[in-house]
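Novice: Before anything else, here's the structure in question.
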Amino acid sequence: QVRLVESGGGLVQPGGSLRLSCAASGFVVSSYNMNWYRQAPGKGRELVATITNGGSTNYADSVKGRFTISRDNTKNTVYLQMNSLKPEDTAVYYCNARVFTSNRWGQGTQVTVSS
């Protein structure tokens, strides 16, 4: 059974850091493109970062230079390291992958950046 479980969200002050984790089961993360999306209140879902099955990474302009996506193949887990956080980064963050022709989503983890 394909499953994605996010963790690591929370409340952080502006300028702070968080690391989100996405633990996958039912498939091998290194064989698929893995994505992090986010959805702020009243807004649509936004693609934040991608790591391809070949290991290449891509970022939204709004997070470039501050966020880093990575994966640990031994743990079958994808990470999103978020530094220099801003209030506009406040959102629910979702892990995503298209596996076996279906778009898969985790339950999301809330990130709130506020003083």
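The values are calculated or read from the model by the stated rules, or taken from the named source; none is laboratory data. Quick caveat: nothing in here was measured; it's all calculated off a predicted structure. Positions of Cβ are generated from backbone atoms using ideal geometry, with glycine treated the same way; all protein chains shown enter the neighbour counts. Just the protein is used for accessible areas: all its heavy atoms, side chains included, with ligands, DNA and RNA removed. Shrake-Rupley method; radii C 1.70, N 1.55, O 1.52, S 1.80 Å.
Novice: What is the distance, in nm, between label points placed 7 Å from the Cα along the Cα-to-Cβ direction at ARG45 and at TRP105?
Specialist: 0.3
Novice: Roughly to the nearest percent, how much of the accessible area of the chain is carbon and sulfur, given a 1.4 Å probe?
Specialist: Ligands and nucleic acids excluded, carbon and sulfur reach 45 percent.
Novice: In the neighborhood of CYS22, defined by Cβ-to-Cβ distances under 14 Å, what is the net charge if each Lys or Arg adds +1 and each Asp or Glu adds -1?
Specialist: With Lys, Arg at +1 and Asp, Glu at -1, the neighbours total +4.
Novice: Using a cut-off of 17 Å between alpha-carbon atoms, which aspartates and glutamates can reach LYS86, once sequence neighbours fewer than 8 places away in the same chain are excluded?
Specialist: Excluding near neighbours in sequence, the set is GLU46, ASP61.
Novice: Considering the chain, what Rg and Dmax in Å follow from its alpha-carbon atoms?
Specialist: Radius of gyration, then largest Cα-Cα span, for the chain: 13.3, 42 Å.
Novice: How much accessible area per residue does region 23-115 have, counting only protein heavy atoms and a probe of 1.4 Å, in square angstrom?
Specialist: In whole numbers, region 23-115 has 50 Å² accessible per residue.
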